[in-house]
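The values are calculated or read from the model by the stated rules, or taken from the named source; none is laboratory data. Fair warning: this is a prediction, and the values are worked out from it, not measured in the lab. Positions of Cβ are backbone-derived with ideal geometry, glycine not excepted, and every protein chain shown enters the neighbour counts.
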Amino acid sequence: MKFSKELSIGNRILDSEHMKLHDIINRIACSIAVSDMATLSDEFELLESCLCAYFVLEENIAQAINFDFSQHRLTHQRLLNMCQQARYELIVENGAWLEFLKIDVKYYIDSLKDYLIQHIRKDSKPLSIVLNAHFYDLNPNVRPSK
């Protein structure tokens with residue numbers, strides 16, 4: 001799966017984070033394909049860490065544009081829970097699924113990708129509409145110069 005321009009939500013920082021998350025999910029798929037359990041575990045750890053950092057960043061941007069984030073925060077928790085569940089189920093058996101559950105593994109990877117795409121396209125749509133009225137480079141951590 002390639003990250004496309006169609007997935008832009010109107011903010012360079014968030015689009016960049018979405019691409020980073022997408023890349024990590026692709027690396028998880030590669031780790032599974034070559035049966036590299038150590039890298040798989042590291043990539044899931046990185047995914048969770050990047051998700052948490054992304055959630056804070058997205059909330060900061062929402063606050064900077066006075067966007068009510070309470071409902072969107074719930075979608076973040078669902079996305080994190082889904083990633084943690086996939087991690088647990090793929091790593092807990094230490095690769096035992098490699099021989100028997102290839103179809104189920106594909107399901108987890110497809111689900112991770114679908115959840116991320118859904119988060120960008122559907123869950124972030126209200127935020128995207130508001131962001132499109134601002135500069136693409138809006139950064140809540142940088143104050144405009146006088």
One residue is enough: does the range 37-59 have a residue meeting the conditions in a helix (DSSP H, G or I), modelled with pLDDT of 90 or more and within 16 Å of residue 137 (Cβ to Cβ)? yes
Loosely packed, with under 14 Cβ neighbours inside 10 Å, of a type in the set (Asp, Glu), modelled with pLDDT of 80 or more and within 27 Å of residue 5 (Cβ to Cβ), is that true of residue 137? no
Search result, residues across the range 53-92 that are β-branched (Val, Ile, Thr) and buried (at least 19 other Cβ atoms within 10 Å of the Cβ): 61
The range 4-28, residues that are within 15 Å of residue 109 (Cβ to Cβ) and either touching an Asp or Glu at 6+ places or on another chain (Cβ under 9 Å) or aromatic (Phe, Trp, Tyr) (or both): 24, 25, 27, 28
Of residues in the range 26-36 being assigned to a helix (DSSP H, G or I) and exposed (fewer than 15 other Cβ atoms within 10 Å of the Cβ), the one modelled with the highest pLDDT: 30
Out of curiosity, is residue 73 assigned to a helix (DSSP H, G or I), among the charged types (D, E, K, R), closer than 30 Å to residue 40 by Cα and touching a Phe, Trp or Tyr at 6+ places or on another chain (Cβ under 6 Å)? no
